[in-house]
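Peer 1: Supplied in structure tokens, the structure appears directly below.
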């Protein structure tokens, strides 16, 4: 008699590994990095401190932070071979398609710098590789963006924070303290979020013993899916489509009637308010302006209309909605919203790769066969 196998869609509710990196508690509207409340941490600590926490297991003291910052700063620079490749890969135009180009450049980085398989490697070697990849990804993305616009890439400044460096490399201008704080907080909020599709992909590839670049490229491939990393710009596009506050309610009704998805609302894990949205809403309110006022009014009307149309099913605003507003307020072009998300999440991928590399088992789950009965 064949054993009955349970195969929940999307592996929902299935535990596939142990981790010390973090956890999402969807019913509570809470997530944490190691033992720290992640939403609070992102508002109180710098991105480099959170990076150190995920990779090295604890928040750094001042001396450790200085050492970590000094370690990471030179890792942001592109090798000459990659600097020569960027113009070839970048192309031209304003299309939102930098992520596949990032994969191409990262693959070349893996070849040029001879990244070794993690199988059999010591922790310090894997750590060095994940730091290198996480540090260079923002430089690559910004260089691709500027090159395709006909502008010269802006090299990273070792004296700037990750958030300030990112804005400067994209726009060519050193940001204000307010913008640096806003982007830094966003990066800290989105660095890790449980075993999402891209993080799980990175861990599966790592479990095979492959190199760090291979794992990150796989994660990026998952991240490019419209159900995963690409929503911040689409949520803002929806605001453009709505146009004015009086159009919000009829627009929502039209979307629901057509079976469409309201970008920026609902989440696969949270059954209450997304804590990341709460933090970013506060930042958007500090910046103020017409966009914030329109977004706040839209959120209120969308939630009220969805409550009427979908009674018994709570759909709160999620991180993408307010992330798009904050990035727009900070002057980042919409084509760079998902790349900004990537600059954060690559750090989380690296932490998971480092943790997974310490294991010895390759992922090899079962599949439930549903085809015709085999002939014997």
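Peer 1: Shape call for region 160-256 from the C-alpha gyration tensor, a ≥ b ≥ c root eigenvalues: rounded (a/c under 1.5), prolate (a/b greater than b/c) or oblate?
Peer 2: On the way: a/c = 2.92, a/b = 1.29, b/c = 2.26.
It comes out oblate by the Cα gyration axes.
Peer 1: For the chain, I need the span (max minus min coordinate) of the C-alpha atoms along each principal axis, in Å, sorted largest to smallest.
Peer 2: 68, 58, 43
Peer 1: Rank these for me by crowding, 273, 44, going from fewest to most other beta carbons within 10 Å.
Peer 2: 44, 273
Peer 1: Still on this structure, I have one more. Give the distance, in whole Å, between the Cα centre of region 200-249 and the Cα centre of region 1-71.
Peer 2: Spelled out, the Cα-based centre of one part sits 18 Å from the other.
Peer 1: I've got another one for you. Apply the a/c threshold of 1.5 to the C-alpha gyration tensor of region 43-196 and tell me whether it is rounded, prolate or oblate.
Peer 2: oblate
Peer 1: What distance in nm lies between label points placed 7 Å from Cα along the C-beta direction at residue 12 and residue 272?
Peer 2: 2.0
Peer 1: If you don't mind, another one. Say a paramagnetic label sat at a point 7 Å from the Cα of residue 27, along Cα to Cβ; which residues of region 253-277 have their backbone N under 16 Å from it?
Peer 2: It comes to 269-273, nothing else.
Peer 1: Rounded to the nearest 500, what is the chain's calculated 222 nm mean residue ellipticity when only DSSP H runs of at least 4 contribute -39500 (n - 2.57) each, over all residues?
Peer 2: Values: 16 runs with 213 residues, N = 376.
The helix-only estimate for the chain comes to -18000 deg cm²/dmol at 222 nm.
Peer 1: Round to the nearest 0.05 the FRET efficiency obtained for residue 56 and residue 286 when R0 = 30 Å and r is the Cβ-Cβ distance.
Peer 2: 0.45
Peer 1: Would you calculate the separation in nanometres between label points at residue 237 and residue 128, each defined as 7 Å from the Cα along the Cα-to-beta-carbon direction?
Peer 2: Here the answer is 4.3 nm between the modelled labels.
Peer 1: Give the order of 112, 212 when sorted by the count of other beta carbons within 10 angstrom, beginning with the fewest. Each step should come with its number before you reach the end.
Peer 2: Working: 112 13, 212 32.
The fewest-first ordering by Cβ neighbours comes to 112, 212.
Peer 1: In addition: Plugging the Kirkwood radius over Cα pairs into Stokes-Einstein for region 312-376, at a temperature of 37 °C and a viscosity of 0.692 mPa s, what D comes out in µm²/s?
Peer 2: 196
Peer 1: Separate question: Compute the length gained on full extension between residue 112 and residue 257: take 0.36 nm times their separation in residues and subtract their Cα-Cα distance, giving the result in nm to one decimal.
Peer 2: Result: 47.0 nm gained on full extension.
Peer 1: What's the FRET efficiency of residue 368 with residue 309 using the Cβ-Cβ distance as r and R₀ = 41 Å, to the nearest 0.05?
Peer 2: Efficiency for this residue pair is about 0.70.
Peer 1: Normalised by the residues of region 231-329, what does the relative contact order come to in percent, with Cα pairs under 8 Å and at least six apart?
Peer 2: Relative contact order comes out at 46 percent.
Peer 1: Could you line up 84, 56 from fewest to most neighbouring Cβ atoms inside 10 Å?
Peer 2: Listing 84, 56 from fewest to most nearby Cβ atoms yields 84, 56.
Peer 1: Any idea what the relative contact order of the chain is, in percent, if you count C-alpha pairs under 8 Å spaced at least 6 apart?
Peer 2: Over the chain, the number comes to 24 percent.
Peer 1: Continuing with this model, one more query. With the convex hull built on the Cα atoms of region 231-329, state its orientation-averaged projected area in nm². Spell out each step's value before the answer.
Peer 2: Numbers: hull surface 22.8 nm².
Averaged projected hull area, Cα only: 5.7 nm².
Only the coordinates and a few stated rules stand behind these numbers; no lab work does. Predicted model, so just to flag it, every value in this text is computed and none were measured. Note that we place each Cβ from the backbone using ideal geometry, even for glycine, and neighbour counts take in every protein chain shown.
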